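The structure appears below as C-alpha cells.
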Amino acid sequence: MKVAIDIDGTLNDNVPYIYKQVKKFAKKEGIKISYNPKEYDFCKKYGYTEEIDNKFWEEEIWNYASGIKQKRNASKIVKKLKDEDNEIVILTARYLANQQNEDGQRMRNCVVSWLNKNNIYFDKIIYVGENNSKLEAFLKNKCDILIDDKVEHVKEISPYKFVICMVEPYNKEVEFGQNVVKCKNWKQVYRAIKNYQKEQNEN
C-alpha cells in the first residue's frame with residue numbers, strides 16, 4: 001500500500017515545542033499570551049494578533065524546521081512499514097516548502113535534512129501550499145492511507161480513503177465519520193494500519 005504521511009504534528013512533536021518557544025518570545029517582547037490547546041490557529045491558540053504571529057515565525061521558522069524532535073517511535077514504525085513493502089510518501093503543507101524561490105528551496109532542503117537526520121524513510125515527498133487542500137495530490141499519487149493531524153485534511157480525504165488522525169488537543173474532541181481511526185502514538189498507528197490491511201485482504 002502507498003502510505004501518505006504528514007510532517008508537522010504527525011511525524012514531529014510540534015505542540016510542546018511551539019508552546020515553549022512562544023512563551024520565550026512573549027517574555028522577550030513583553031507580550032501577554034493566553035493558551036487554548038483546543039484551537040489549531042496560532043492566533044486563537046495564544047491570544048495574539050496576526051502581526052505578532054508573523055514576527056514570531058520570522059524569528060523561529062528555521063530553528064523549528066531543523067531543530068524540532070520527531071514523535072516517539074516515528075522513524076521505527078515508518079521503517080517497519082517500509083520493510084513490509086509499503087510505499088512511504090511524505091505529504092506536507094509545510095510553510096514555504098512549495099514556493100519556487102530561494103526560501104522555498106531552503107525549506108525543502110530543511111525538510112529532507114530533518115527526515116534524514118531523524119532516520120525517517122521516504123520514497124517520495126509531495127509539497128502542497130500552506131493551508132491548501134491535500135486531496136488532489138493524495139488522489140493523483142494514488143495513495144491508499146493518510147496519516148495526518150489537521151482536521152480539514154482528515155475530513156477531505158476520509159470520504160475516499162482510510163485516514164489515521166494523529167491525536168492532538170485541537171482534534172481530540174472532533175467527531176469524524178467512517179474511514180477514520182484516531183491514534184495517540186505511532187505504535188497505535190502501526191496497529192491501525194495492520195488492522196486495515198487485514199480487513200482489505202479479507203474483503
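The numbers here are math on the coordinates, done by the rules we state, and not lab data. Treat the numbers as computed from the prediction; the structure is a model and nothing was measured. FYI the Cβ positions are ideal-geometry reconstructions off the backbone, even for glycines, and counts take in every protein chain you see.
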Label-point separation in nm, Lys55 to Lys23, each point 7 Å along Cα→Cβ = 2.1
GluC sites (Glu not before Pro) restricted to the range 122-203 and DSSP loop, no more than 16 other C-beta within 10 Å = Glu130, Glu173, Glu175
Between Gln100, Gln188, Gln70, find the one with the highest GNM mean-square fluctuation for the chain; connect C-alpha pairs within less than 10 Å.
-> Gln100
Nearest-0.05 FRET efficiency for Tyr160 and Glu199 at R0 = 22 Å, using Cβ-Cβ distance, is 0.85
Do the sum for the chain: with -39,500 (n - 2.57) for every DSSP H run of n ≥ 4, divided by all residues, what is the mean residue ellipticity at 222 nm, to the nearest 500 deg cm²/dmol?
-> -14500 deg cm²/dmol
Given unit charges at Cβ for Lys, Arg (+) and Asp, Glu (-), the dipole magnitude of the chain about its Cα centre in debye, nearest 20, is 860
Centre separation in Å (Cα based) which lies between the range 68-96 and the range 1-32 = 18
Proxy reagent accessibility, fewest Cβ within 10 Å first, across Phe25, Phe42 = Phe42, Phe25
Provide Lys80, Lys198 in ascending order of the number of other Cβ atoms located within 10 Å of each residue's Cβ, fewest first.
-> Lys198, Lys80
Using 0.36 nm per residue, how much length does the chain from Val151 to Glu173 gain when fully extended, once their Cα-Cα distance is taken away?
-> 6.9 nm
Note down, for the chain, the three equivalent ellipsoid semi-axes (square root of 5 times each alpha carbon gyration tensor eigenvalue), biggest first, whole angstrom.
-> 29, 19, 16
